[in-house]
Structure formats: C-alpha cells, structure tokens
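A short worksheet on the structure shown next.
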Amino acid sequence: MKFRGKIVDVACLNHVTRVISTISKLTKTCVLRLTADNLFFVLSGKVANGGVSMWCELSQANVFDEYQMEGVSSEDNEICLEVTPENLSRALKTVQNAKAVKVKLTKKHCPCLTIAAELPTLSSISRVVTHDVPVDVIPRRLWHEFKEPSMPDFDVSVYLPPLKTMKNVVDRMKNLSNFLVIEANLSGEMNLKIETDLVSVTTHFKDLGNPLWGDDASQDGGPSPSRDPEAMAQARVDIRKLQQFLMGQQVNPSKAMCNIVHERVVHLILLHEDVSLQYFIPAVA
C-alpha cells in the first residue's frame, strides 16, 4: 500500500487547500479515499454525527503534477484513511508559497500523511518543512460504508440563491430558533421559514430556476413530471447543520443546488470545475 503525490502548481495547491478547509468546517473527521483517478472525502451518515453525510470528489490530475498510488491489492486498488481535515488544512496553509509540495503515506509512530514542502530561499541551501499528519488506515471490511451515496428520489430540485445571502439570512434566523424549514417548488421558488411560539419569519427567494436532471444524472431520482410546479416540498432541519454548511464555503461554486425529499432529507450539491461536494441533512420531526 503506497501513496505519494507532488504538487508544483501554486494554483492547484491553493485549490486543494480551499477544498480541505471547506471540509474541515463541516466535520472533525472524515474518510479520505484514494483511487487511481480521484480523491474522495467521505462522511457517512451515522447517528453520532446527527445523520449528516458528505461526499466530496476531486480529480487527482487537477491537483497533483505527479501521482502514484498502489492500493491494498490489484483487485482493490484503493486506500481508505480516516483523517482530521483541520490538521491537513493547517499543514497546507503553512506551505502556500512553496516551490513544490510532496504528500506521502508514511509509517512513523503511527500511519501519517507526510507533507514535505520545499520553500523558496535566497541561498543555494534548500529549506524543507515537514508536517506529519496522523491518519488511521480503514480496513478493507469497512470500505462498503464509504461508497458514493445514491441520489435520493427527490420531490423538488432548485438552484440555491447566492450562498452569502443565504448565510446572512440563516445566521439571523439562528438567533430565533434551532430549527428551520426549507421549502421549494418546481417554479424556481424557495422559502426559508422559522416558527416559534413568539415569532414567525419567512424569507422568500424567487426566479432561482430548476435544474434539469437527465436519466443518467438522476438515476431515476428526479421529480415526477406530473408534479404541480407550484406545490412545495419541505423539510425541517437543524439550523446549525445548515449554518455549518454555509459557513464553510470557500469553493466558490459555479453551480449550487438543493434537492428536497419531502419531510425526509435536504441534499445540497456544489459544483466547481473538477470538484463536486454533496451534503445531506436529515429532516427532523
């Protein structure tokens, strides 16, 4: 089992640092899945993390200038590691001006992702800064827990309003309630609502547009063609989990979408060039 990669392009280094920094805002620990072509950051929806799950995918070719990976075996050519994204993010942030960064799976006092950065210097002597980020190797028998989540059979899919605007609204609503209702329809409308004994507040967004899901993309999971475009699908969620998602955004997505399975789950998707981030928030009664 071997993994080593080298990043020379500063833009690639900044890019992957932003992605990992975003993930570090969403979860304390997650699984890094390395394959021949992709890197996946995975959080499976367990009760321990409130049922929230996450799937982030990026192409290794858009991150690394050199990439070598030998998995557990030729049949199972993958490596699964439990990582603390905050530690990875901190290490990468300290080497943003490096000439080259090498990332390698090593065995020190425990398994580590070792990040070695060659820093610019005025003399002929090279300066290398090394960070050892401890990881846990996930045994093969547990890999099934970290496969890509299937697209839920959603009732409504809508583009999100600007994330900064949405974050400002949710931040204010959090002062009034612990729960928020997200509702949307197939006419490009979305409402964020809170209701308590003392106050009822609704923020309306309109003309957002609705994504078109082809058969391949939706896995037959798209809205029913016979659904009334004005009919709202809704889910009541823990406002802190939505706020966490909005607070962490450093990916600047080109597309941001929300799928709602009525009263069951909110599925948020961010797309930006080679990166896709999916975040699932379960509904609460």
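Per-structure values
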{"read-out": "Sorted peptide list for 111-123, 262-274, 141-153, criterion being average Cβ within 10 angstrom, highest first", "value": "262-274, 111-123, 141-153"}
{"read-out": "Local electrostatic count, Phe205, Cβ distance below 14 Å [Lys/Arg +1, Asp/Glu -1]", "value": "+1"}
{"read-out": "Accessible-area order (highest first, 1.4 angstrom probe) of the listed residues Arg18, Arg90", "value": "Arg90, Arg18"}
{"read-out": "All lysines inside 19 Å of Lys93 as judged from Cα atoms, apart from same-chain residues fewer than 8 positions distant", "value": "Lys6, Lys25, Lys28, Lys102, Lys104"}
{"read-out": "Solvent-accessible area per residue for the stretch 101-203 (1.4 angstrom probe, square angstrom)", "value": "56 Å²"}
{"read-out": "Cα centroid of the stretch 80-120 to Cα centroid of the stretch 226-252, whole Å", "value": "33 Å"}
{"read-out": "Nitroxide proxy distance, nm - points 7 Å out along Cα→Cβ at Lys164 and Asn77", "value": "4.4 nm"}
{"read-out": "Portion, in percent, of the accessible area of the stretch 2-145 that falls on carbon or sulfur, probe 1.4 Å", "value": "51 percent"}
{"read-out": "Low-density loop cleavage sites - trypsin sites (Lys or Arg not before Pro) in the stretch 157-248, where at most 15 other Cβ are within 10 Å (DSSP)", "value": "Lys206, Arg227"}
{"read-out": "Computed lengthening from Ser224 to Arg4, 0.36 nm per intervening residue step minus Cα-Cα distance", "value": "74.6 nm"}
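The values are calculated or read from the model by the stated rules, or taken from the named source; none is laboratory data. Because the structure is predicted, anything quoted here is derived from the model rather than measured. Please note: Cβ atoms are built from the backbone with ideal geometry, for glycine as well, and neighbour counts cover all protein chains shown. For accessibility, only protein heavy atoms count, side chains too; no ligands or nucleic acids. Shrake-Rupley method; radii C 1.70, N 1.55, O 1.52, S 1.80 Å.
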